[in-house]
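These notes are about the structure you will find just below.
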Amino acid sequence: MIGSLRGILIGKNPENILLDVAGVGYELEVPASTLCLLPQLQQEAYVFVLTHVREDAIRLFGFISTFDKKVFQELISVSGVGPKAALALLGSVDGYELCEIINCAQIAKLTAIPGIGPKTAERLILELKTKVQKLLARHKDDVEIQKSNITKNIAGSIVNENKISQKVELKIIRRQIVEDLKSGLANLGYKDKQYTEVVNSFEHRMQLGEEITLELALKEALCKLSERILQKN
């Protein structure tokens, strides 16, 4: 089984990446939390890999840390939770945050993730609470591994701590823009079901490297939502 891969990142989109390893292209499905920490195209990337074998297909999943990989494995062990749902869960928050949510039995946060209903959320908490507690206890040891991997992915070799901080800070800023955009649209009277798709589109664009300010996102979102309302009328 493939446990990890190092190669040149030659393709990436919100669902997967293409990694050139010694002339062989490996297509890996990755969660958004991993995608946003990967380097630019044509740079060296390193990911931990889970090989998922089924009778009808072999799928490769890539992760920025062994911790996220372990969390993904636990998620797909839950009845009714497949790789698609597991990627959605890890795409909304990183592995550590997700473990905290499950450990604290925060059903509302789980059901806010697309594709996760109340029954699935309850099942995740019931089946994984003890397991995530053990993962969280071991998290400290994995932090250095994750930090080292992020370092390699940012520059393809050794970089200084400032670049790591900048990458993590950028991730935080993007999340804040998304949250502020949701809040702004809600304050203007729009319902969650009206703006979710629009907000998600901005999130995907930022994950692919596009620089978007809150002001620009809000302006574009209002235009799109107004157009939809006019079309319905």
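Condition (residue is of a type in the set (Asp, Glu) and either in a helix (DSSP H, G or I) or surrounded by fewer than 16 Cβ atoms within 10 Å (Cβ to Cβ) (or both)) applied to the range 66-77: is it met by at least one residue? Yes, that holds for at least one residue.
Matching residues to (1) at pLDDT 70 or above; (2) assigned to a helix (DSSP H, G or I); (3) more than 21 Å from the chain's Cα centre (by Cα); (4) in the same structural domain as ALA45 (by TED's automatic domain parsing):
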| residue | (1), (2), (3), (4) |
| --- | --- |
| GLU169 | no, yes, no, no |
| ILE173 | yes, yes, no, no |
| ALA186 | yes, yes, yes, no |
| THR196 | yes, yes, no, no |
| PHE202 | yes, yes, no, no |
| ARG205 | yes, yes, no, no |
| LYS219 | yes, yes, yes, no |
| LYS224 | yes, yes, yes, no |
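The conditions are (1) closer than 19 Å to SER33 by Cβ; (2) modelled with pLDDT under 85, and ASN162 fails exactly one of them. Which is it? So the condition that ASN162 fails would be (1). Mind checking whether some residue in the range 99-107 is outside the structural domain of SER4 (by TED's automatic domain parsing), part of a helix (DSSP H, G or I) and touching a Pro at 6+ places or on another chain (Cβ under 8 Å)? Yes; the residues of the range 99-107 include at least one that is outside the structural domain of SER4 (by TED's automatic domain parsing), part of a helix (DSSP H, G or I) and touching a Pro at 6+ places or on another chain (Cβ under 8 Å). Would you say LEU38 is in contact with a strand residue (DSSP E or B) (Cβ under 9 Å, 6 or more places away or on another chain) and surrounded by fewer than 21 Cβ atoms within 10 Å (Cβ to Cβ)? No.
The selection criterion, being more than 19 Å from HIS52 (Cα to Cα) and either in the same structural domain as HIS52 (by TED's automatic domain parsing) or modelled with pLDDT of 90 or more (or both), holds for LEU37. Scanning the range 54-65 for residues that are closer than 13 Å to SER4 by Cα and part of a strand (DSSP E or B) yields a total of 4. Here the condition is being under 15 Å from ILE125 (Cα atoms), outside the structural domain of GLU15 (by TED's automatic domain parsing), at pLDDT below 90 and among the polar types (S, T, N, Q); of SER92, SER79, it holds for SER79 alone.
Taken over the range 93-121, the criterion of being surrounded by fewer than 21 Cβ atoms within 10 Å (Cβ to Cβ), within 25 Å of ALA45 (Cα to Cα) and either of a type in the set (A, V, I, L, M) or in contact with a Leu (Cβ under 8 Å, 6 or more places away or on another chain) (or both) is satisfied by VAL93, TYR96.
Take the residues of the range 1-51 that are β-branched (Val, Ile, Thr) and in a strand (DSSP E or B): which is nearest to LEU208 (Cα to Cα)? Here the residue is ILE17.
The values are calculated or read from the model by the stated rules, or taken from the named source; none is laboratory data. The shown structure was predicted, so the numbers you read here are calculated from the model rather than taken from an experiment. Reconstructed Cβ throughout: ideal geometry from the backbone, glycine too, with neighbour counts over all protein chains shown.
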